[in-house]
Amino acid sequence: MAWRFALALAPVASDDAREDFSDTFRPLDPGAPALPVGELSAQRGDGVFESLGVVDRHPQEVGPHLERLAASAALCDLPAPNPEQWRQAIRAAAAHAPITGEGVLKLILSRGVEHGATPTAWVTVADAADNSAVRERGIRLVTLDRGYALDVPTRAPWLLLGAKTLSYAVNMAAIREAKRRGADDALFVSSDGFLLEAPTANLILRIHGRFVTPLPAGGILHGTTQRSVFAHLERSGHDTAYEAIPVADLAKADAAWLVSSVRLAAPVTAVDGIRLAVDAPRTADLNRHLLSRRD
């Protein structure tokens, strides 16, 4: 990933109502060391983040991403981010994204230095990977047991299963395991047999003409891209739903996609070696919509 630009954000109260926050962030050299040794994001993954797509220097879905950043911060007992400060920092960083084509913005909020008084926050922008091929040819998945039942997030909220935290080691291990098994990505399932999500994406199935996705209450990150896809489908007259989906229902699906902010909509071609049909026209329609989004 080619880093282009980075900004450090100074702590600001969430209710600070000033109009100009430009004096609260400063550029960083994206190729130089920036974090102190005691930074808890590096030591413990103690923080939250968001990844936004940027198309032709236009950041996508800024409002939903900032809402989810605030929700993750609340779950982790981090100070509430000031949305206008972050919005202005996003605009400043996006100005350094590719003039044409796709980039990726990352928003990061950590607990800061151990025993320190303030959190650490920064925004980065980089070139996005070329995802055009995977959007066309699709991806093969293997199901992996996530190790807990569907109701565990409700019974044990301290596991932070609904927060987008920096603790991504398990997610990356799942992708490596999927590749060891000859697939491209993993699809988590609950120990009691329900579909969840991929390590970095949400799952959407089309079953009997309805578009369904697993319930966020199952410890699934409520995806901004998945919500945008559902809104687009609903405007086109399609039925959408959030449901507890048994693993066995994969056999009923006539099409499936993984969706995320940067990869966008990738059709699923197989799960555990069982082939799924690919709806190329629908996939193209979803990606046209997702590429056209603006803040």
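Where in the chain are the DSSP H helices whose alpha-carbon span along the long axis reaches 15 Å or more and whose Kyte-Doolittle mean is at least -0.5?
Helices meeting the span and hydropathy rule in the chain are 62-75, 169-180.
Would you please classify the overall shape of the stretch 61-203 from the alpha carbon gyration tensor, given that a ≥ b ≥ c denote the square roots of the eigenvalues, rounded means a/c under 1.5, and beyond that prolate means a/b larger than b/c while oblate covers the rest?
It comes out oblate by the Cα gyration axes.
Between Ala34, Ala277, Ala231, which gets the highest mean-square fluctuation from a Gaussian network model of the chain, Cα cutoff 10 Å?
Fluctuation is largest for Ala34.
What are the ³J(HN,Hα) values, in whole Hz, obtained from phi via the Karplus relation 6.51 cos²θ - 1.76 cosθ + 1.60 with θ = phi - 60°, for each residue of the stretch 51-57 in sequence order, with x given for Gly and Pro?
Ordered by residue, 3J(HN,Hα) equals 10, 10, x, 10, 10, 6, 6 Hz.
Along the Cα-to-Cβ line of Ala169, 7 Å from the Cα, sits a label point; which residues in the stretch 84-127 have backbone N less than 13 Å from it?
Those under the cut-off are none; the list is empty.
Quick one: which residues, 5+ away or cross-chain, put their amide H under 5 Å from the amide H of Leu215? H built at 1.01 Å from N.
When sequence neighbours closer than 5 places are left aside, the close amide H contacts are Glu243, Ala244, Ile245.
Around Leu28, which amide H atoms from residues at least 5 apart in sequence, or from another chain, sit under 5 Å from its own amide H, with H modelled in the peptide plane?
Ala6, Leu7, Ala8
Given N residues in the stretch 153-232, what is its alpha carbon radius of gyration divided by 2.2 N^0.38 Å?
Ratio of Cα Rg to 2.2 N^0.38 Å: 1.16.
Seen from all sides and averaged, what is the projected area of the convex hull of the Cα atoms in the stretch 173-295, in nm²?
Averaged projected area of the stretch 173-295's Cα convex hull equals 7.7 nm².
Treating cross-link reach as a plain straight distance, find the lysines whose alpha-carbon is under 16 Å from the alpha-carbon of Lys106, omitting any fewer than eight places away in the same chain.
Lys164
If the label point is 7 Å along Cα→Cβ of His58, which residues in the stretch 86-115 have backbone nitrogen under 13 Å from it?
Inside the label zone: 100-102.
Mind ordering 19-32, 58-71 by average Cβ neighbours within 10 Å, highest first?
58-71, 19-32
Mean separation of Cα pairs under 8 Å and 6+ residues apart, divided by the residue count of the chain: what relative contact order is that in percent?
Across the chain, relative contact order equals 19 percent.
Just the ratio, please: alpha-carbon radius of gyration of the chain over 2.2 N^0.38 Å, N its number of residues.
So the chain has a normalised radius of gyration of 1.01.
Read-outs: derived from the displayed coordinates by stated rules, not from any lab. The shown structure was predicted, so the numbers you read here are calculated from the model rather than taken from an experiment. Glycine also receives a Cβ, built like all others from the backbone with ideal geometry; neighbour counts cover every protein chain displayed.
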